[in-house]
Structures are given as structure tokens and as C-alpha cells.
Amino acid sequence: MPQTSPSSPSPLYPFDPAGIADAVARFREPAYVLEDARGARGATCTAPPVAALGTLPGVFPEWLGDPSFLDLHGARFAYVAGEMANGIASVEYVLAAARAGVLGFFGAAGLAPPRVEAAVTRLRAELEGTGLPYGINLIHSPNEPAIEDAVVDLLLRAGVRRVSASAYVALTPAVVRYAASGLVAGADGRVLRRNHVFAKLSHPDVARRFMSPAPAEILDALVAGRLLTADEARLAQQVPVAEDITIESDSGGHTDNRPLGSLFPAVAAARDAIQRAHRYPRPIRLGAAGGLGTPEAVAAAFALGAAYVLVGSVNQASVEAALSPAGKKMLAQAGLGDVIMAPAADMFEQGVRVQVLKRGTMFAARAARLYDVYRRCPDLESIPDADRAVLEKEIFRAPLDAVWEETRAFWSRRDPGENERAEREPRHRMALVFRSYLGRASRWAIDGDPSRQLDFQIWCGPAMGAFNAWTAGSFLEGPAERTVAQIAWNLLEGAAQLTRAQQLRSMGVPVPAASFAFRPRPLRLL
């Protein structure tokens, strides 16, 4: 991001609203707080002839967040371009993030290991030797633990150094193995880690598990299975599983819909207690995610103490994201309230829900109907005729028996054990059939199948509506301009300006309300 700013002295009177607004807009320059004979306060970026009450250094987007995040992960900005499942956070998306100075995670959730391996191979080929960071999503897969294990196998083989662990409610051997692999003791006795886990979560209890050392029983089992060495297991008991905790508030996809202002302090308090109890030599960083679709939201997250921010829903609408043009157009039309909770494909049987786009699609209503039938009926054969007619005509557009044959063919390739279980448990067979709609609904949105637009499943939080309201009437209003870099740099540039505005206000300067608004600007003007 260019670091230019006006260099000529401001001709504006420092006690007028225009002069104060000028000092806010020139946030990269030092600002001087002055007081006149009446006690009124003002601000200027021009060195005053009299002693100033206080001086504020310039604010740069690069300085927002925790410097240790930048040092460790090699990013220019404390900003993460979040992963979107099924490869929507594509290789092109991750590459664009890296080249924009931010850390991007490939959306591996829902993909078979060969697809993930192909993406890792491409990322390594493009970024090797550049020093630019990237990561891969590792999603908790309670219904497919073998997939989770296989993804960790390939990440370790490929030397992937960062994963974003999402949707976890408890630690699994797979995520512990990734975190502990390669641990060594440094010359000063401190534990050095090769692999870094970003634990994305929305509950303090889950945060405590990731902020604590890995449980001995999991470590012992990994050592017994020759998946960790005894030294790695011993050192893993001295460090947290994850040193980067992404606190996910009301977001797209898996979410507990909690507000960041309530959730962040609760997790921070848990972090501080665990840090004191274990006396870790390095602090655990807390990132913020969910609802971050405007500069105001990003600035507020940093003001809460976030070491970094993660932007997800908004980036799903980016040019580089692997969502169809039709899906991106739907996202660009979303309002603040155009989201709804719907059953999740990966944890359908457990009743877990995800937040999705409501405007322009009937996916949420149809998915909810499937879960209602699943809850009421023991198997496919017991579904009442009236429900069966709706399912076959409106949702699946095929007889349920035919849908099962397609589903069985899918699982024979992906995990034959699911078919074996379905033969033993008729209710599981029904769940697999119903889950096939949920999984395909995401694929229809990615491919842009026009015959299935009313069934598009697009993960989306309220940040998307806020982003659309902020960009309305600007060059970022249209999907064609929404690149990963344009989104990231505008959010960060605006957050830096708002940080300066709040700094001046906290020193008693009457900052005009207009200075707390930042309009999107093309990269050449930043």
C-alpha cells in the first residue's frame, strides 16, 4: 500500500471543524493538540509555534494489531483473509492475499484430500522463496475423522506451516499431532514450534482447550502410534496447542451468533488466567472475526485488543474467490438482515447450524424441512407421503431411491465406511441422503447452476450487508472491483483514519462526526 500523505502545511485553522478534520485525514503525519485562550482544543499536522498539549505520532495501517503477528507470520498487515469451504477461498484468492501483504487460508473444508494436495502443491510452487505467508484450513470432521487425519498427513508431508482449525468443539488427535510435530527445545530451553495453529472458535471453553497444553492421553496415544516422538510429546506439555486464537463472533458459516464486544473480553480473561497459570514464555495472541465488513468494525476490533483481524464473508464476494458470478451478485445485493441459520452439512445429525444468505434463495427453508423430517422419521421408508412428495418434487427433483443410489456411489469413492454404516443404520442412510442436498447446494452456488439458483447455499454473515451499505455509490459497489487487495487495503486504511479520529477525541478534541467515516478509494489513491 502506498504510504504517501499530504506534505504541505495545512492552511486550515486548527480549532475549526475543517482544520480538525484535516488532522484526521492526514493520519500518517504527527498531529499536535492545541488549546486556545478559552480552553477550546484543536489539532493540526503543522508544527505549531507554541508548545502543544500533546503530540500523536502518525498512524499506519501496518501498525494496527500486534507486531509479533507480523514478525512471526511474515505478513505486512495484521489481517487474515479467511477460509471459505469447498475451495471458495481458492488458490488464486490465497495468492492475491499473500501479494497484498495479508495472510490467506485456502478453504479446504469439504474437499477430498487429493484436491487439498493439489492446492498445496500450487501454493508452494507459486510462493516458495518469496517469504510470503499462506495457510490451509483444517476443519473438525466428527463424521469423517479419517479425512481429518488424511489432511493432516498431507500438510505435514508438504511442510505447510499454518492451519486455521475451525468448527472444533474439542481437541482431536489430528489437530494435536499437527501442532506438536516438529517441536524442539532452543538453546535457551524455550520450546520452538514449526507448525502454527490458528484456532477459530466462538466459545471460551473451547478457547481454554486450545490455549492449554495438549492432554496427556492424546499425546500418549500419538506416541504409541508413532505419530509423535517422545520428545515432541514432552515439549507439547509446555506450550499451548495454539498461540493464535481467532475469536469468531456473528459470522457466516459455523457461528454461535455472539457479538464481538461480549465474546472478546470473555476469551481475553480466560487467556490471561491460562497465561499466568502456565507461565508461557510467549503471549497467546487473540484475533477477531465476524461482523468485520467496514472500517469502523475493523477499528473497533483493534480497539478491543485484537492482535489481528480475520475477514471472511466479505472476501467471499471478491474477484478471486471461487464463487460463481451469480452468487457474487446475490451477495452484492444483501442487506444487513438478509442472513439466516440453516442445518450444516458436515454436522447435520448433531443439529449444528450455519449462517447463510437468505435473500434470493430458498436453501435455508428447504434444509430446515429436511432436518425436521430427519428428526421425526426413523428411516426413508417411514417418511409420510405428503412430505415425500415435497422432498422429491421441490428439493431433490428425483425419487428418494434414486437419490440414495447417487449418494451411495459418492461415498463408495470418498469413504466406503459410510455406506457400510448406512446398511446397518437406516436412519444414517436417511441422513446421508439429506446431507447430499446440503453439500450439492454449495456446489451449485460455486458452479452457478442457473436451474438451481433458488437452492444456492452461500455462507454469509451480517458483515456482508454492512459492507454493501458502506460501499454503496462507490467504485466498490460492483462485484468486478472487489479484489482481495482492494477490500483489505480499504478496510485497513479506513481503520487507521478512524483510529486517529478516536485518539484525538480521547484528548478532548471535538472531532467532527464526518471524520469517523471513510469512503472506499481505488488503490492508486490510498
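The values are calculated or read from the model by the stated rules, or taken from the named source; none is laboratory data. All figures in this text were calculated on a predicted structure; none of them were measured in a lab. Here Cβ is always computed from backbone atoms with ideal geometry, including for glycine, and neighbour counts include all displayed protein chains.
Numbers for the structure displayed
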{"item": "Test: residue in segment 506-517 that is among the aromatic types (Phe, Trp, Tyr) and either within 23 Å of the chain's Cα centre (by Cα) or outside any helix (DSSP H, G or I) (or both)", "result": "no"}
{"item": "Pairs where the first residue, in segment 230-246, is assigned by TED's automatic domain parsing to the domain that holds Pro213 and at positive phi and the second is surrounded by 24 or more Cβ atoms within 10 Å (Cβ to Cβ) and not in a helix (DSSP H, G or I), C-beta under 8 Å, 6+ apart", "result": "none"}
{"item": "Given (1) charged (D, E, K, R); (2) under 25 Å from the mean Cα position of the chain (by Cα); (3) not in a loop (DSSP other than H, G, I, E, B), number of the condition Glu232 does not satisfy", "result": "(2)"}
{"item": "The lone exception for Asn137 - which of (1) within 19 Å of the chain's Cα centre (by Cα); (2) farther than 30 Å from Arg99 by Cβ; (3) among the polar types (S, T, N, Q) it fails", "result": "(2)"}
{"item": "Sole residue being under 29 Å from Gly252 (Cα atoms) and out of contact with any Phe, Trp or Tyr (no Cβ under 6 Å at 6 or more places or on another chain), chosen from Tyr374, Tyr437", "result": "Tyr437"}
{"item": "Hits in segment 335-390 - residues which are farther than 29 Å from Pro462 by Cα, surrounded by fewer than 18 Cβ atoms within 10 Å (Cβ to Cβ) and hydrophobic (A, V, I, L, M, F, W, C)", "result": "Cys377, Ala386, Ala389, Val390"}
{"item": "Phe60 touching a residue at least 40 places away in the same chain (Cβ under 8 Å) and farther than 14 Å from Pro30 by Cα", "result": "no"}
{"item": "Selection from segment 8-55 of residues that are among the basic types (Lys, Arg) and free of Cβ contacts under 8 Å to residues at least 12 places away in the same chain", "result": "Arg38"}
{"item": "Lone unmet requirement of (1) at pLDDT 95 or above; (2) of a type outside the set (A, V, I, L, M, F, W, C); (3) surrounded by fewer than 23 Cβ atoms within 10 Å (Cβ to Cβ); (4) in contact with a helix residue (DSSP H, G or I) (Cβ under 9 Å, 6 or more places away or on another chain) for Gly287", "result": "(3)"}
{"item": "Matching residues, segment 220-241, being among the aliphatic types (A, V, I, L, M) and either touching a Pro at 6+ places or on another chain (Cβ under 8 Å) or surrounded by 24 or more Cβ atoms within 10 Å (Cβ to Cβ) (or both)", "result": "Ala221, Leu222, Leu227, Leu228, Ala236, Val239, Val241"}
{"item": "Selection count where residues are crowded, with 23+ Cβ neighbours inside 10 Å, at pLDDT 95 or above and either within 16 Å of the chain's Cα centre (by Cα) or not in a loop (DSSP other than H, G, I, E, B) (or both), scope segment 99-119", "result": "8"}
{"item": "Residue ID - nearest to Cys460 (Cα to Cα), chosen from residues in segment 259-279 that are surrounded by fewer than 19 Cβ atoms within 10 Å (Cβ to Cβ) and among the charged types (D, E, K, R)", "result": "Asp272"}
{"item": "Pick from segment 140-163, criterion within 19 Å of the chain's Cα centre (by Cα) and in a loop (DSSP other than H, G, I, E, B), ranking: nearest to Ala180 (Cα to Cα)", "result": "Arg161"}
{"item": "Of all residues in segment 195-219 being under 22 Å from Leu103 (Cα atoms) and polar (S, T, N, Q), the one that is surrounded by the fewest Cβ atoms within 10 Å (Cβ to Cβ)", "result": "Asn195"}
{"item": "Of all residues in segment 302-313 being in contact with a Ser or Thr (Cβ under 9 Å, 6 or more places away or on another chain) and in a helix (DSSP H, G or I), the one that is nearest to Ser90 (Cα to Cα)", "result": "Ser313"}
{"item": "Number of positions in segment 141-194 that are on the phi > 0 side of the Ramachandran plot and at pLDDT below 95", "result": "2"}
{"item": "Scope segment 293-316; condition farther than 16 Å from Pro61 by Cα and surrounded by fewer than 24 Cβ atoms within 10 Å (Cβ to Cβ); matching residues", "result": "Leu304"}
{"item": "Test: residue in segment 73-83 that is of a type in the set (Gly, Ala, Ser) and more than 25 Å from Gly305 (Cα to Cα)", "result": "no"}
{"item": "Selection from segment 59-96 of residues that are among the aromatic types (Phe, Trp, Tyr), surrounded by fewer than 23 Cβ atoms within 10 Å (Cβ to Cβ) and in a helix (DSSP H, G or I)", "result": "Trp63, Phe69"}
{"item": "Lone qualifier among Thr499, Thr483 - being over 19 Å from Ala299 (Cα atoms), β-branched (Val, Ile, Thr) and not assigned by TED's automatic domain parsing to the domain that holds Gly39", "result": "Thr483"}
{"item": "Selection from segment 482-526 of residues that are free of Cβ contacts under 8 Å to residues at least 12 places away in the same chain and within 25 Å of Ser324 (Cα to Cα)", "result": "none"}
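Yes/no matrix, rows are residues, columns are (1) within 26 Å of Glu144 (Cα to Cα); (2) touching a residue at least 24 places away in the same chain (Cβ under 8 Å):
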residue	(1), (2)
Leu263	no, yes
Arg276	no, no
Leu323	yes, yes
Leu336	no, yes
Val339	no, yes
Glu349	yes, yes
Lys358	no, no
Ala368	yes, yes
Arg376	yes, no
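This table checks each residue for (1) touching a strand residue (DSSP E or B) at 6+ places or on another chain (Cβ under 9 Å); (2) among the aliphatic types (A, V, I, L, M).
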{"position": "Arg397", "(1), (2)": "no, no"}
{"position": "Met430", "(1), (2)": "no, yes"}
{"position": "Val433", "(1), (2)": "no, yes"}
{"position": "Ser436", "(1), (2)": "no, no"}
{"position": "Ser451", "(1), (2)": "no, no"}
{"position": "Phe456", "(1), (2)": "yes, no"}
{"position": "Trp470", "(1), (2)": "no, no"}
{"position": "Ser474", "(1), (2)": "no, no"}
